[in-house]
Structures are given as C-alpha cells and as structure tokens.
Amino acid sequence: MVDLESEVPPLPPRYRFRDLLLGDQGWQNDDRVQVEFYMNENTFKERLKLFFIKNQRSSLRIRLFNFSLKLLSCLLYIIRVLLENPSQGNEWSHIFWVNRSLPLWGLQVSVALISLFETILLGYLSYKGNIWEQILRIPFILEIINAVPFIISIFWPSLRNLFVPVFLNCWLAKHALENMINDLHRAIQRTQSAMFNQVLILISTLLCLIFTCICGIQHLERIGKKLNLFDSLYFCIVTFSTVGFGDVTPETWSSKLFVVAMICVALVVLPIQFEQLAYLWMERQKSGGNYSRHRAQTEKHVVLCVSSLKIDLLMDFLNEFYAHPRLQDYYVVILCPTEMDVQVRRVLQIPMWSQRVIYLQGSALKDQDLLRAKMDDAEACFILSSRCEVDRTSSDHQTILRAWAVKDFAPNCPLYVQILKPENKFHIKFADHVVCEEEFKYAMLALNCICPATSTLITLLVHTSRGQEGQQSPEQWQKIYGRCSGNEVYHIVLEESTFFAEYEGKSFTYASFHAHKKFGVCLIGVRREDNKNILLNPGPRYIMNATDICFYINITKEENSAFKNQDQQKKSNVPRSFYHGPSRLPVHSIIASMGTVAIDLQDTSCRSTSGPTLSLPTEGSKEIRRPSIAPVLEVADTSSIQTCDLLSDQSEDETTADEETSSNLEYAKGYPPYSPYIGSSPTFCHLLHEKVPFCCLRLDKSCQHNYYEDAKAYGFKNKLIIVAAETAGNGLYNFIVPLRAYYRPKKELNPIVLLLDNPLDDLLRCGVTFAANMVVVDKESTMSAEEDYMADAKTIVNVQTLFRLFSSLSIITELTHPANMRFMQFRAKDCYSLALSKLEKKEREKGSNLAFMFRLPFAAGRVFSISMLDTLLYQSFVKDYMISITRLLLGLDTTPGSGFLCSMKITEDDLWIRTYARLYQKLCSSTGDVPIGIYRTESQKLTTSESQISISVEEWEDTKDSKDQSHHRSNHRNSTSSDQSDHPLLRRKSMQWARRLSRKGPKHSGKTAEKITQQRLNLYRRSERQELAELVKNRMKHLGLSTVGYDEMNDHQSTLSYILINPSPDTRLELNDVVYLIRPDPLAYLPNSEPSRKNSICNAVGQDSREETQL
C-alpha cells in the first residue's frame, strides 16, 4: 500500500493547527508561492478609475472641487464685468472684444487648464469604445468652449481680450452639483432623496436660466443701452414673471433674439421640471415622507404597525392613547403598507390630530421603512393583527414577521403585540406585552357563565372614562352606572400614598376594608418590590410593607385627588352623595374622602363555609341589638380565619356517604395532562379519573357505552352551558378550564355541550330548553365581508333567531364592531330602545369612549366587542400591569398566593347586612374576600313595547263581557294591524280561514258556531310569541322530546341589568344583587408544618392516577 503521507506534502502552519502548536518550521523550505488576489484590475487606469469614479468618498471630493472651480469661473466673469468701463459707440467689436486685466486673465487661464485636464481625464477613464459619445456630450462641449480659448491665448497673446462666454460654466456647476448630491447620498446610504433631488434640480435650473439671461443681455447690450448687471437682473425677473413693465427693454436685434431663445428654453425646460416635482410631491403625500431625525431625538413618539388602517381602529387608539395627560406631547407614527383611506385622511387633517399623527406608507419588513419611522428611537411599537382576514392564521403569521423585523431592527424598542390564535403566541415570547384575542375572548365568555357580565366589568376597567356618562339622563340607573364606569385600576407605592401609608405592618384585608371605608378606594392587589408577580387579594396573612406597590380601583388616581376632612365637609355643606356630586366630577381632581359609616363592630359571627350566603346573627343578639359584624383584624389570627377549603370541596359535607363516594370516584383535582398549545398556563382544575372514549363524546348518537341521544336522557343535575361555534379551536381550552377550576364546588359544575351546527333540531336535542347559558361564537373562519361592518351579520342574525325562539335563554356572544351592539335583541318598535339610541348619540357627540355602554345587552353582559381588547394593549403603555391583572381576573394565569374572581348572590337571608360597607366588613372579617362591584338587576318599566301588545285570550275573556269583547277586539285589531309587515304569512292565512268559517255560521248548530267563534278568536289573538312557541313545541314532539322545560320558560324582557364598580360605602344592597369578589387562594392557607395534611391532599388529588400532582 502506498504511503499517503509521503506522497502528499504537508500544509503550511496556517492550515495545520498541529504545526502551529509544535513549532514545525518545515514549511519554510516549501517551494510554494503565495498568490494575492485583487477585487479589481491592478492597472494604473483601474486605480485612477477607483479614485475618481468608483470610490464614493474620493469621487465626492473630486466633484466638490470641480463644482468650486465652476463657481469660481462665474465669479471671475462677474468681477471682469464690474471692473470694465463701458466704452462709447455701437461698434460690433465690443461684442467680440473685452477689457481683461492681466491678473484676471491669469486666474481664468489657470481655472481653464485645471478644468480641461480634469474633463479629459474623466473622459479617458469613462471611455468604453465610442469616442464620439464622449466628445458630443453637452458638458464636454461647454468645457471646450470655455477653456480652449484661454489656453490658446497663452501662445497667442493678441487673443487675451477675446470674449469667452464663461457664464455658461453655471450649467457645468449645476451638472457637478447633481453628481455631487448623488455621491453624497450613496456615501451616507440615504435612499429616500428623490424629492430633495428634484427640488434641487428645479432651483438650480431656474438660477442657471436667470444667470445666463442676465449675463447674455448685459453683454449684447454693450452696443445698445449699455445695461449693467443690476438692470439686466431687473429685466429678467420682470420678464420671466410675465409682468413686463416695459421700462427696460433690449434695443439690438441680437439681444432681442437672445431673449426669445431664453424664453423658449424656459417654456420647454421648466414645465418638465415642475411636472416631475408635482408627481414626486403626490407620491410623497401618499407614502407619508419621513419622520424627522431631529424630531425623533428631541420629541417622543410611538409607532403603530397595522396591515390595514380602519377609521374605528384609528380613533380607538388615538382616543385611548391621548386620554392620559402625560402622553399629550407624544407623536404617533402609523406604518401601514396600504394607501391611506379617505376617511382616515379626512380625520388626520383635523388640527387636533394633524400636528401629532404622521402616516407613513410602508412595510415593517423593510429596514428602509423602519428607518423612515425612526423605529430605533421610538418609545414603543404597537403591532396589531387584522381581524378582517379570511384566514386568521395567515394574519398571525404576518404579525409574527412584523414583530421579528422590528426586534431585529430595533432590539431595545418595547413591543406591544396583538395575536389572534393562542398557538402562535410562543413565536413572540420576546415581546414585552402580548394580548392573545382568543384567550381573552373565551375566558370572558366562560366567566360570563359563572360571574354574570364579567366581560362588561373588564371592559369598563380597561377603558379610560370620565365618569360623566349618563349624568343628564332622567333614569337613575344610568346615572349611577355611568358614574361607576369611571373607575379604573391605578397603582402607587405604599409609603408614598395617603390612602394606604397608615396601614404599613397591617394585614391586606384590614388595609383594603379601611381604605374603602375612609376614602372609597378598593385595594385589590399588591406587588413586592423584589418580585414581578402581582398578587390579587393575598389574604389576611399578607402584611403590608412600605415598599409594596398597591393596586386599587378608584374614580381617579391619588395624584389627581384633593383631600377634605369631615369638618370641612360640614362647613361647606357638601352632601355625602356618591362621589360628592352626581354630575359634576372635575377631570383633574376630586374629593376622595368618603367619610365614615356607622357600623356596630361587636358580634363576631362568621360566614359559614358550606353555603354561598352570609350567616345571620344569633337569636339572642337580635333581641338585644341590631345585627352586628366582626371587626377586621389588623393582623390575622390563624385560629379565627375561616378559610374556604376548596380542596376538600364544600359540597361533600352536605352529601351522603354514598354520594360522596361516587363523587370522589368521578372527579379528581389536578393539572390537565395535555396542553393544546405551547404557552398555555397550567391551571389546577377538576379532572376525570379516566379518559372518556371518543364515541361517548357525541351527545346525539348512542354507542356501546350508553344509549342516550339527547341531553334530557342524561339526567344532568345542573343546567347546561351550550357553546355554538363553527370549529373546535384551541381557544376553547380557555373556555373549559375556568368552568372546571379547582375552586368551584363539584355540585356547581355545569355540563358543557359543544354545538358545531345549530339548526333547530340540534338545539332541542342538546337541551337548549333547560340550559343555563348559550355562548354563540360564529366567526372563527368566516369573518370577511365586502362591507367591514357586515362581519357580524351572521352572529347577529343567529342570536336574534335564538332570542325570538327562546326569549328567556341567557345568550352570550361577542362582536367585532361595538357599533353593532345596537342590533342585539333588536325590537323595532320598542320606545325604550329608541331612547337608549338617542342617549348613545348624545354621549358620542360629547366625546365619550364608551357611548355604547348604555345598550341593555352590553350592560347586562350579554355581548361585548372583541375590539375592546385593543384598549387593553394601549393602556399597557402607561399601566404595564393591566395585562397581568386582567389575566389573573380571567383565570388565564395562576400565581401562587394570588386570589381569583368569583361572585355571590344576595338572598333574603343576607339583606340584614343592608349596605355595601357592612358587606365589605363582613367578607373581610370572615373569609378574607374583597368585593369589587355589584351586578344589579331591576325591573324595566316598559311603555309601548311589543310584549304589551300581545294579550292573552283567557285573561281577556275573564275580565270583559261579550260587548266589551267586541269593542276591545276592534281596538286591538286597529293597534296590531297598523303595519302589515308585522303579521307573518301564517297569521294572515289563519285570519282568512277564521273569517270564512264565520261566514258559514248559520249552517252549523249553536254549539258548533260557538266553538268555531272561539277558534277564530284564538287564531286571531294568537301573537307572534305564541306562534313561535307552537312551532318549537311541535318540533319537540316530533323529535320525541318533552315540552315541560319549554313551558316553564318565562319571558325576562322586562328586566335590565347593569354593573356598579366600586360603589360608595353607603350603597344599599338589594335582593338578587350579585357581588363580584376576589377570593384569596385557598392553597396559600395550607400550613407547611403539617405534612399529614399535605399528604392527604396529594392523595385526594392523585387518587387512582399514576402521576401525583405536586402542589
């Protein structure tokens, strides 16, 4: 075998790392030759070309020198004209010969030699085989005309006074200036300079025309009026401006011919320059130009990146962003790839926005456009997804690429990103703040089923409101609802706060109760200085520190509040009404002191943990004094705290042994074993011990495990929650988990039915007649529409159909546009709805950001707009904690030691508490719960709604005699038949059939005629509600379903519901009020020193499972 090492020579040490380490010098005796390679040819011509042409900086210097030479030659010409004495006579020799001094001639000869040498050298370097192309160039011809005569005069002295049109060098200076600007832009890598170049060319062209005309007229008039340079300038300006006074005119034919030639040149050249300038100006207006670098360094600005800018999105952003006082000096730069909309252009021309909003047409994926927006100097970048895309996943992909591009270009710029699909969140984990639309949407829909109107609560908290909405309304509920809508979440350091500084070293519940009692603020959470996690209601064991950041709900932040003690209130006779005045809340300051409430703090009765109601005092205490409540302790007493031990389930204490055994075998507590997407927050919840077979998930089809084909056959103990959706997306995970959270008792768990298609038969089979809530989500994939506002058409019509068929069904849905909320539960002739519509228009004219808040479906929490989540993202720029607090409230995130949102209903047994302040004390002293608001339902006084037009036949016959019947029947016919469109086709046919029967009355006996008359009256008096009820009942009978549940449904159209966020302490509690609570985390109360307790909990959680859940 041949030895390969002896055949192949060794490599030099720069290729052999071993030789470099060992110091092998054998490579020095190698006969190899090192070859250097050049990027260009190493000839003399190529080196000159590299210096004069190719190299940007050196060529820029050469062109600057050439430009200076041309200006110097023009200056020498002006000096020669000024120094020359005008000669007498009209001889033509004065045109060809001038008086030129010797020093001046020497300077002009030197300039000519240098210019000619440079021109010849550049022509040689740029020669490409065609010499005539170089010779016939206009700059080269002008250079020959201006330089060669001076060079000839060196050898022929008699030609030293020959006239040379040196003033034509101004055109060579213009040409050199254009080349110099191009080289300058290449050197500094500036690409957006077309407008600047065009303006420069236009100005230089005008100057060259005027200078040429001045010098030409002055020289040709040497044999005429002998004009000086100033007179020539005056004549040219008057002529080119088309004024033409006529006081200065050329006399010689040569000067007149020259003027005609210059005017012709101006008429040809200038319009072309102006046309190009106008075109570039229009294009600049479309693209938006650039954001000034000087402004970016001296002023603060944020960038808004969107794929398409709609007027609603723009106004929502501007109104919410500039609602904060410290953002008034910020600029908003909009970067959008599409051309500006007509409505957007009209809005941005308003002086209030034109000085602060800059629109740039461009893409976030181009560094040039990001440079135009000065992204590296921006305070923040908001990236919003397009909801109007047919493919929501594709819209997310575009958002991800924009976020990556911005992060690559400006790594230090804070990113605020909105994403649609939860499975795409992990691609933008690097963003500072992320809002996933489907996560928040499904979480709010789920919590609306547990805590009514949670979506309205969150919407009001994240919107900036003045708290003055509805103050001019005659309705009392609109006034108090509008005032409470002004509450927002604020933060302050404990030691810097007037509200909370005195509670340092006290428990959290003590600080929360007394701050609400004294100032009317609701303390909901804290954050340690050395910890990033926010804790909502950490419970009575949490001790407040001086450096803690307190989060509270109030009508305004503490920095904008003025404080007034009670003595001053009495002197000024200020009534202690809600927030000191129903309608005149100052914007920048408010009297925050709410006074005190007389509360008896003697009895120590506590709330029972086995029920949702508050415990009554003992019989003995009732006879002696009024009901009393235990005081809230400054420091929690372990023995007196009644923790809601939700791990052991409250419902188990009330069940029998057999039910308890079966319940424990059915459910276990733990974390879901599978996550539908990356980035989902694990939540401790109720789980089944064994996985249910897939065949058993079909409710309407039987399988080998069960034979049920409808929801009624399953015999569910609790009412159903039906979700009507197009597809079962990953977002449904965030809908199911809150409904199965560990803190919910097992006896309150509602069965969840997913309805992927909602015809009437499927609705009836899935148990819509005895469902607790129905959630309609119809816009997962088909959200695109020719008209933007029509994206909600399908959802609105489907909900309206359900509302007409099942009037008492609690329907919850979401819309894309807030303006479409007026179509929910639409009644064409409802005077109350028309009054609310007028109120909404008035509030919108006043500049309210929540003009739609008085619509009954929104106030009751039946509908919300998904665009409200944009406001949450905007508020995060000022309040960086808003997304975290919202996720904790919705249950999307779980932080150890942080509480959760729940609710309790005020029953007759709880009315002894009387006021909201006493309820606050009762909750804080017993279970440590912190109330944040009330959901109140009142009876609505309808005047002329459609429900009053329908009259029952039985009631009518029992109260009126036969004569009055005919009289009221005619009146009823007139009132109900005024509009033929109100009667469906079936009703009209029924009426015609009844009339035909009435005409055949004499042929029947009296008894038969009376029966027919009764049938005719029933058919005529049958309302639309009764027709729809008959339709549903007949369909249920056809499917073999019982109509008992449908018969028990009552019409709740005569009620209205609304939310009171952080009401005043003296607010009276009413029956059926639902109180929003932030309950402490029960896992935080588990003592670490009791291993037996912890082991028992772990065994209960992991019973009959292989994996043990670690708490």
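Okay, residues lined up against (1) in contact with a helix residue (DSSP H, G or I) (Cβ under 6 Å, 6 or more places away or on another chain); (2) within 22 Å of Phe426 (Cα to Cα); (3) open to solvent by 40 Å² or more (accessible area, probe 1.4 Å); (4) part of a loop (DSSP other than H, G, I, E, B):
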{"residue": "Lys669", "(1), (2), (3), (4)": "yes, no, no, no"}
{"residue": "Ile678", "(1), (2), (3), (4)": "yes, yes, yes, yes"}
{"residue": "Asp700", "(1), (2), (3), (4)": "yes, no, yes, yes"}
{"residue": "Ala713", "(1), (2), (3), (4)": "no, no, yes, no"}
{"residue": "Thr727", "(1), (2), (3), (4)": "no, no, yes, yes"}
{"residue": "Val737", "(1), (2), (3), (4)": "no, yes, no, no"}
{"residue": "Lys747", "(1), (2), (3), (4)": "yes, no, yes, no"}
* Structure fact -> Pairing a residue in the stretch 817-829 that is touching a residue at least 12 places away in the same chain (Cβ under 8 Å) with any residue that is part of a loop (DSSP other than H, G, I, E, B), where Cβ atoms lie under 7 Å and the two sit 6 or more apart in sequence or on different chains, gives His817/Ser867; Pro818/Ser867; Met821/Arg855; Arg822/Arg855; Met824/Arg862; Arg827/Ser945
* Structure fact -> Glu379 meets each of (1) more than 30 Å from Val863 (Cα to Cα); (2) open to solvent by 50 Å² or more (accessible area, probe 1.4 Å); (3) among the acidic types (Asp, Glu); (4) out of contact with any strand residue (DSSP E or B) (no Cβ under 6 Å at 6 or more places or on another chain) with one exception, condition (4)
* To do: Consider Gly928 carefully, then state whether it is on the phi > 0 side of the Ramachandran plot, of a type in the set (Gly, Ala, Ser) and out of contact with any Gly (no Cβ under 8 Å at 6 or more places or on another chain).
  => no
* Just for the stretch 359-371: of the residues that are charged (D, E, K, R) and part of a helix (DSSP H, G or I), which one is surrounded by the most Cβ atoms within 10 Å (Cβ to Cβ)? -> Asp369
* Asked: Residues of the stretch 541-555 being assigned to a loop (DSSP other than H, G, I, E, B) and either open to solvent by less than 10 Å² (accessible area, probe 1.4 Å) or under 17 Å from Leu901 (Cβ atoms) (or both), which ones?
  -> Met544, Asp548
* To do: Within the stretch 228-241, count every residue that is open to solvent by less than 40 Å² (accessible area, probe 1.4 Å) and farther than 20 Å from Leu82 by Cα.
  => 1
* To do: Assess whether Asn1072 counts as being at pLDDT 80 or above, open to solvent by 60 Å² or more (accessible area, probe 1.4 Å) and part of a loop (DSSP other than H, G, I, E, B).
  => yes
* What strands (runs of 3 or more DSSP E), lying completely within the stretch 840-951, carry at least 2 residues that are under 25 Å from the mean Cα position of the chain (by Cα)? -> 863-865
* Asked: Is it true that Ser241 is of a type in the set (Ser, Thr, Tyr) and touching a residue at least 12 places away in the same chain (Cβ under 8 Å)?
  -> no
* **Considering residues of the stretch 242-285 that are assigned to a loop (DSSP other than H, G, I, E, B) and either open to solvent by less than 60 Å² (accessible area, probe 1.4 Å) or among the hydrophobic types (A, V, I, L, M, F, W, C) (or both) only, the residue nearest to Pro337 (Cα to Cα)** => Val243
* Residue tally, condition out of contact with any strand residue (DSSP E or B) (no Cβ under 8 Å at 6 or more places or on another chain) and of a type in the set (Ser, Thr, Tyr), over the stretch 849-893 -> 4
* To do: Looking only at the stretch 877-886, decide whether some residue is surrounded by 20 or more Cβ atoms within 10 Å (Cβ to Cβ), in contact with a Phe, Trp or Tyr (Cβ under 8 Å, 6 or more places away or on another chain) and β-branched (Val, Ile, Thr).
  => yes
* Structure fact -> Here the residues within the stretch 336-358 that are open to solvent by less than 20 Å² (accessible area, probe 1.4 Å) and either in contact (Cβ under 8 Å) with a residue 40 or more places away in the chain or assigned to a loop (DSSP other than H, G, I, E, B) (or both) are none
* To do: State yes or no: is Val753 open to solvent by less than 40 Å² (accessible area, probe 1.4 Å), β-branched (Val, Ile, Thr), within 29 Å of the chain's Cα centre (by Cα) and at pLDDT 85 or above?
  => no
* Structure fact -> Being modelled with pLDDT under 80, open to solvent by 40 Å² or more (accessible area, probe 1.4 Å) and within 30 Å of Val434 (Cβ to Cβ) narrows Pro673, Pro682 down to just Pro682
* Determine if the stretch 39-46 includes at least one residue that is at pLDDT 75 or above and of a type outside the set (Val, Ile, Thr). => yes
* From the set of residues in the stretch 759-787 that are outside any strand (DSSP E or B), within 32 Å of the chain's Cα centre (by Cα) and of a type outside the set (A, V, I, L, M, F, W, C), which is modelled with the highest pLDDT? -> Asp778
* Would you mind telling me which numbered condition in (1) surrounded by fewer than 20 Cβ atoms within 10 Å (Cβ to Cβ); (2) modelled with pLDDT of 90 or more Cys522 fails? => (1)
* To do: Out of the residues in the stretch 111-151 that are more than 60 Å from the chain's Cα centre (by Cα) and not in a helix (DSSP H, G or I), state the one that is farthest from Trp171 (Cα to Cα).
  => Gly129
* Structure fact -> With the first residue restricted to the stretch 205-234 and required to be farther than 19 Å from Val265 by Cα and touching a residue at least 40 places away in the same chain (Cβ under 8 Å), and the second required to be among the small types (Gly, Ala, Ser) and open to solvent by less than 50 Å² (accessible area, probe 1.4 Å), Cβ contacts under 8 Å at 6 or more apart or on different chains are Arg222/Ser87; Ile223/Gly89; Gly224/Ser255
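Yes/no per residue for (1) touching a Gly at 6+ places or on another chain (Cβ under 6 Å); (2) among the charged types (D, E, K, R); (3) at pLDDT 80 or above:
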| site | (1), (2), (3) |
| --- | --- |
| Arg827 | no, yes, no |
| Arg844 | no, yes, no |
| Leu850 | no, no, no |
| Leu856 | no, no, yes |
| Arg862 | no, yes, yes |
| Ser865 | no, no, yes |
| Lys879 | no, yes, yes |
| Met882 | no, no, yes |
* **So Ile53, is it assigned to a helix (DSSP H, G or I), open to solvent by 50 Å² or more (accessible area, probe 1.4 Å), modelled with pLDDT under 75 and of a type in the set (A, V, I, L, M)** => yes
* To do: Answer yes or no: is there a residue in the stretch 479-498 that is closer than 18 Å to Ala859 by Cβ and surrounded by fewer than 22 Cβ atoms within 10 Å (Cβ to Cβ).
  => yes
* Asked: So which residues in the stretch 820-863 are open to solvent by 10 Å² or more (accessible area, probe 1.4 Å) and on the phi > 0 side of the Ramachandran plot, if there are any at all?
  -> Gln825, Gly847
* So how many residues does the stretch 103-137 have that are more than 22 Å from Arg61 (Cβ to Cβ), among the aliphatic types (A, V, I, L, M) and either touching a residue at least 12 places away in the same chain (Cβ under 8 Å) or open to solvent by less than 80 Å² (accessible area, probe 1.4 Å) (or both)? -> 4
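The values are calculated or read from the model by the stated rules, or taken from the named source; none is laboratory data. Keep in mind the model is a prediction, meaning the values are calculated, not measured. Using ideal geometry, Cβ is built from the backbone for each residue, glycine included, and neighbour counts are taken over all protein chains shown. Please note that ligands, DNA and RNA were not included when accessible areas were found on the heavy atoms of the full protein model with its side chains. Shrake-Rupley method; radii C 1.70, N 1.55, O 1.52, S 1.80 Å.
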